[in-house]
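For reference, the structure discussed in these notes is given below.
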Amino acid sequence: MPRYRIPDDEQVAAALERVIATKREVDSQRKLKRFVEKELQGEEVFRIGEVRVRHVAIDSGIIDLKIICRESGKTRSMAKCPVCTARLKRVRNMTVWGGTVTLGYHCERCGYWTGIKHRIPVRYVFTRRG
Ligand SMILES: [Zn+2]
């Protein structure tokens, strides 16, 4: 039975940097995960989850993340970012009656945003910054 190793964050970040330096753009999270695993592979076989690759990419500061979403019918309030788990900021507007109304939510960490009808992330595009 093959044995897999779990890379640490520094190994993943270094592999990501090499992948994005040569590819410039990777148009799905699954592909990015495969490239990173391939980059890490030496005498040992590494395994890493797609969500973890996304989180390291967001933290790296060298990758622009494009989030492609579909709209869902859900309208309940949202606290956590579905992309990076950071706390979402409420986007509000003043009403003519002097109150405020929530228009949607925004994530300062990864750039995700949604209106009152939730936008559900379905695909990610990772591009080298600069
Ligand atoms: Zn986020």
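Just so it is clear, none of the values below were taken in a lab; they were calculated from the coordinates. This one's a predicted model, so the numbers in the text were calculated from it and none came from an experiment. FYI the Cβ positions are ideal-geometry reconstructions off the backbone, even for glycines, and counts take in every protein chain you see.
For segment 49-54, just list the computed ³J(HN,Hα) in residue order, Karplus coefficients 6.51, -1.76 and 1.60, θ = phi - 60°, integers in Hz, with x standing in for Gly and Pro.
With coefficients 6.51, -1.76 and 1.60, one gets x, 4, 5, 5, 4, 4 Hz.
Fully extended, how many nm does the chain gain between residue 106 and residue 125 (0.36 nm per residue separation, minus their Cα-Cα distance)? Intermediate values should be presented prior to the final figure.
On the way: separation 19, 0.36 × 19 = 6.84 nm, distance 1.87 nm.
Net length gain for the segment: 5.0 nm.
Distance between the C-alpha centers of segment 83-130 and segment 52-76? Whole Å please.
Each part's Cα centre sits 11 Å from the other's.
Can you give me the orientation-averaged projected area of the convex hull built on the Cα atoms of the chain, in nm²? Each step should come with its number before you reach the end.
Numbers: hull surface 40.5 nm².
Mean projected area for the chain: 10.1 nm², to one decimal.
Extension gain residue 113-residue 8, at 0.36 nm per residue separation less the Cα-Cα distance, in nm?
Values: separation 105, 0.36 × 105 = 37.80 nm, distance 2.98 nm.
Working it through step by step, the gained length comes to 34.8 nm.
Taking the alpha-carbon distance from residue 89 and a cut-off under 21 Å, which lysines remain once sequence neighbours fewer than 8 residues away in the same chain are dropped?
Of all the lysines, those that pass the test against residue 89 - Cα under 21 Å, at least 8 places apart if same chain - are 66, 74, 80, 117.
For segment 82-122, report the convex hull volume of the alpha-carbon atoms normalised per residue, in Å³, without decimals.
On the way: hull volume 2.6 nm³, N = 41.
Per-residue hull volume (Cα only) is 63 Å³.
What nm distance separates the two modelled labels at residue 17 and residue 41, each placed 7 Å from Cα along Cα→Cβ?
2.3
Once both labels are modelled 7 Å past Cα along the beta-carbon direction, what's the residue 74-residue 97 spacing in nm?
Result: 2.8 nm between the two label points.
Can you tell me which of 69-80, 23-34 comes out highest on packing, and rank the rest after it, using the mean Cβ neighbours within 10 Å?
Values: 69-80: 10.7, 23-34: 16.3.
Answer by packing, highest mean first, reads 23-34, 69-80.
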